[in-house]
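Take a look at the structure below.
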């Protein structure tokens, strides 16, 4: 009989489920389940990908120097404090590998991103779930949950799947109040959708216990290439780079990301369209009796009277060729997360939810 066993904690991990992209028996579906940019990547990024095919036989750089320099230039950061990864997920994994282990704890909020718990368990740590206040991060609850075992505190700001966020004063209070052995990790996957918000970059530069993660998967439309980055004190970056594989990003990914971040006009256009269409979606859902919290991201969280109503609405939308995201796994069983698509998609999903609410099922 085999004695081969996985490390403790690994079999406690529930498999991550991404947003659905197909509906059996339905063609020409509109996918609004994964918070993707409906306009795709910038033309500059697309051209960079086309050019990269001529270098597919070459190994990529090991230090990502050009991309880090571009990120630093656009955001006004120190390139030596930047690390690049296979999506911001990989940076989260590095942090757990580096600072979490048996006997330690990692705090995340009750509606926080699933990868916080997954990466904690994979590292042998114990995830600690903290309540939010009306689907908003509660700093006092997080501070109360901290112990001498706490090593990381993860908050997404704006949060996924709620779309809500807290202000910098609250984030600073959290950074000041966590234990000395603990890092605050600010997940800024949706930070680009908030005009004038730096995702916590200045706070990283002011303190030695704050890390920021970012991604090219959302506003920049490069989810299929898996590119993310982190910003942290140099001592933290030095630790994380010892875990990072030397060729974790391809030449294609590096070229596309650099072109994307330099195409400021295209990013601004995508942000502006998202802001406009998000308001339309929220207003039309409210008119149909479906409330949403104020979202600062590229999706809205539609709230229904019950789990059964949310699931029935989801099934109805699927029949209409519209795929949204159930979020019962995020402790929100009576909600559906709806990506802000292009204008026809936004108006269509709002109309169909109105038809559902009116009883035309």
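So here's what we get for this one:
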item	result
Matching helices (runs of 4 or more DSSP H) fully within region 36-136 where at least 3 residues are within 17 Å of residue 261 (Cβ to Cβ), touching a residue at least 60 places away in the same chain (Cβ under 8 Å) and in contact with a helix residue (DSSP H, G or I) (Cβ under 6 Å, 6 or more places away or on another chain)	43-52, 65-75
Index of the failed condition, residue 16 passing every other in (1) buried (at least 16 other Cβ atoms within 10 Å of the Cβ); (2) within 22 Å of the chain's Cα centre (by Cα); (3) under 28 Å from residue 337 (Cβ atoms)	(1)
Helices (runs of 4 or more DSSP H) contained entirely in region 191-279, each with at least 2 residues that are over 30 Å from residue 162 (Cβ atoms) and in the same structural domain as residue 100 (by TED's automatic domain parsing)	234-241, 251-262
Per-region count, region 74-88, residues over 9 Å from residue 213 (Cβ atoms) and buried (at least 18 other Cβ atoms within 10 Å of the Cβ)	7
Qualifying residue in region 181-201 (condition: farther than 29 Å from residue 271 by Cβ, over 21 Å from the mean Cα position of the chain (by Cα) and at pLDDT 95 or above)	yes
Subset of region 305-338 [more than 22 Å from residue 26 (Cβ to Cβ) and not in a helix (DSSP H, G or I)]	305, 306, 331, 332, 333, 334, 335
Region 172-190: number of residues that are touching a strand residue (DSSP E or B) at 6+ places or on another chain (Cβ under 7 Å) and assigned to a loop (DSSP other than H, G, I, E, B)	6
Residue in region 216-236 that is over 26 Å from residue 262 (Cα atoms), modelled with pLDDT of 95 or more, surrounded by 21 or more Cβ atoms within 10 Å (Cβ to Cβ) and in contact with a helix residue (DSSP H, G or I) (Cβ under 9 Å, 6 or more places away or on another chain) present	yes
Within region 339-348, considering residues that are touching a helix residue (DSSP H, G or I) at 6+ places or on another chain (Cβ under 7 Å) and outside any loop (DSSP other than H, G, I, E, B), the one surrounded by the most Cβ atoms within 10 Å (Cβ to Cβ)	346
Condition broken by residue 31, with the remaining ones in (1) out of contact with any helix residue (DSSP H, G or I) (no Cβ under 6 Å at 6 or more places or on another chain); (2) in the same structural domain as residue 159 (by TED's automatic domain parsing); (3) under 30 Å from residue 292 (Cβ atoms) satisfied	(2)
Scope region 147-171; condition farther than 22 Å from residue 91 by Cα and either in a helix (DSSP H, G or I) or in contact with a helix residue (DSSP H, G or I) (Cβ under 8 Å, 6 or more places away or on another chain) (or both); matching residues	166, 168, 169, 170
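The values are calculated or read from the model by the stated rules, or taken from the named source; none is laboratory data. All figures in this text were calculated on a predicted structure; none of them were measured in a lab. Virtual Cβ from ideal backbone geometry, glycine too; neighbours counted across all protein chains shown.
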